Amino acid sequence: MSELRFDGQVVVVTGAGGGLGKAYAKFFASRGASVVVNDLGGSFKGEGKDTRAADVVVNEIKAAGGKAVANYDSVENGDRIIETAIKAFGRIDVLINNAGILRDISFKNMKDEDWDLIFKVHVKGSYKCARAAWPYFRKQKYGRIINTSSAAGLFGNFGQTNYSAAKLAMVGFTETLAKEGAKYNILCNVIAPVAASRMTETIMPPDVLALMKPEWVVPLVAVLAHPSNTSESGSIFEVGGGHIAKLRWERSQGLLLKCDETFTPGAVLKKWDRIVDFSNPQYPTGPNDFLGLLEESQKLGPNEQGEKIDFTGRVVIVT
Ligand code: NAI
């Protein structure tokens with residue numbers, strides 16, 4: 001089988017001065033793409049800036065015979081990053097929204113600036129880059145976007161309310177972009193990576209970090225970003241340490257109640273186990289058929305009442 005190549009394509013990687021971004025940038029350049037290596041060059045907490053982070057990666061790519069150009073803007077100014085791609089290479093085909101910072105702190109001690117900065121970099125930054133790339137993608141009827149979420153966003157993690165909220169925002173952002181982009185062959189997916197980087201080196205032991213090379217996140221990103229991917233869009237993936245899995249929403253079978261005066265908390269409690277029963281689930285990709293459900297509900301008889309529940313699992317009905 002021939003290798004996946006990106007000849008003639010232009011790939012923008014944000015936060016490509018280190019960690020995962022650097023691995024993406026070097027890979028795409030090694031497979032024939034012209035790469036915009038964006039990095040603000042600040043600390044992992046989002047302080048300061050430095051042109052060296054991006055320059056080092058550009059030099060490494062060029063030394064290996066690849067094509068790359070540096071951009072030092074913050075992703076908050078995503079239009080300038082995309083402009084760099086257009087000025088240097090005349091087009092953009094792939095956007096990897098990867099730049100990120102951490103401001104971990106317990107919720108009790110969270111300050112507005114910790115919250116705001118995380119949202120500026122992750123959410124506004126991804127928006128600004130995608131927004132600036134969008135007209136080019138639409139016009140050429142081709143575009144691939146990879147956004148970056150996190151297990152902290154999908155599942156929550158102590159000390160990361162700001163980061164978790166911003167990272168789950170990447171999921172909603174991705175799913176809507178995938179829907180709006182479908183008509184124009186713009187595919188958008190989101191990954192929750194795990195990799196050794198300066199972000200994780202302080203919280204994991206060296207022997208574990210050795211098993212989490214950023215390079216092991218690259219193959220999935222390459223597959224999703226490649227022209228041969230014509231259908232995988234709006235999807236969420238976990239990737240790292242050799243493992244790749246897709247995640248999806250699961251909706252319980254659910255409870256339908258008659259909407260009249262018998263629709264009381266007691267009626268909900270009486271059938272609580274139906275609400276939390278995942279034995280016959282749906283895997284929704286959109287909202288429920290609300291009007292259809294309303295119609296069904298009106299056909300039901302009055303709801304049974306009950307008022308006590310054991311939330312550890314089964315409902316205990318007191319009659
Ligand atoms: P990293 O700190 O090595 O790389 C992030 C890069 O983004 C840095 O080079 C930094 O200078 C750059 N950056 C930060 N703010 C920027 C801004 N405003 N504009 C432009 N560049 C900026 O971290 P890592 O681990 O490579 O993270 C990459 C992405 O993956 C981030 O979005 C992170 O949240 C996410 N992630 C990483 C995980 C991991 O296990 N390493 C786990 C889950 C998510």
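The values are calculated or read from the model by the stated rules, or taken from the named source; none is laboratory data. Note that the structure is a prediction, hence the values are computed from the model and not measured. Virtual Cβ from ideal backbone geometry, glycine too; neighbours counted across all protein chains shown.
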Number of the condition not met by TYR283 [criteria: (1) within 22 Å of THR148 (Cβ to Cβ); (2) modelled with pLDDT of 95 or more]: (1)
Filter the range 204-220 for residues that are in a helix (DSSP H, G or I) and either surrounded by 15 or more Cβ atoms within 10 Å (Cβ to Cβ) or at pLDDT 95 or above (or both) and give the result. LEU209, PRO214, GLU215, TRP216, VAL218, PRO219, LEU220
Is at least one residue of the range 23-34 away from the ligand (no atom under 16 Å from the Cβ) and of a type in the set (Lys, Arg)? yes
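Residue by residue, here is whether (1) in contact (Cβ under 8 Å) with a residue 40 or more places away in the chain; (2) within 16 Å of the ligand (Cβ to nearest atom); (3) surrounded by fewer than 23 Cβ atoms within 10 Å (Cβ to Cβ) holds:
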position: PHE119; (1), (2), (3): yes, yes, yes
position: ARG131; (1), (2), (3): yes, yes, yes
position: GLN140; (1), (2), (3): yes, no, yes
position: GLY156; (1), (2), (3): no, yes, yes
position: GLY159; (1), (2), (3): yes, yes, yes
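Taking the conditions exactly as written (crowded, with 24+ Cβ neighbours inside 10 Å and part of a helix (DSSP H, G or I)), does ALA85 satisfy them or not?
When the stated conditions are applied, ALA85 passes them.
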Going through the range 141-166 one residue at a time, which ones are over 20 Å from LEU177 (Cα atoms) and part of a loop (DSSP other than H, G, I, E, B)? GLY156, ASN157, PHE158, GLY159, GLN160
If you check every pair at least six apart or on different chains, which have Cβ atoms under 9 Å apart with a residue in the range 72-83 that is basic (Lys, Arg) first and a residue that is more than 8 Å from the ligand (Cβ to nearest atom) second? ARG80/ASN71; ARG80/ALA132
Cβ-Cβ distance below 8 Å, separation of 6 or more or different chains: which pairs start in the range 275-287 with a residue that is outside the structural domain of THR176 (by TED's automatic domain parsing) and end on one that is of a type in the set (Asp, Glu) and surrounded by fewer than 13 Cβ atoms within 10 Å (Cβ to Cβ)? PHE278/GLU250; PRO281/GLU250; GLN282/GLU250; TYR283/GLU250
All-but-one check, GLU113 against (1) without any contact (Cβ under 8 Å) to a residue 12 or more places away in the chain; (2) farther than 23 Å from LEU177 by Cα; (3) within 14 Å of the ligand (Cβ to nearest atom), failing number (3)
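Every residue in the range 176-195 that is free of Cβ contacts under 8 Å to residues at least 24 places away in the same chain and either assigned to a strand (DSSP E or B) or under 18 Å from the mean Cα position of the chain (by Cα) (or both), please.
Within the range 176-195, THR176, GLU180 qualify.
Might you check whether a residue that is among the hydroxyl-bearing types (Ser, Thr, Tyr) and at pLDDT 95 or above occurs anywhere in the range 182-195?
Yes, the range 182-195 contains a residue that is among the hydroxyl-bearing types (Ser, Thr, Tyr) and at pLDDT 95 or above.
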Among the residues of the range 273-287, is there at least one that is in a loop (DSSP other than H, G, I, E, B), surrounded by 15 or more Cβ atoms within 10 Å (Cβ to Cβ) and more than 14 Å from the ligand (Cβ to nearest atom)? no
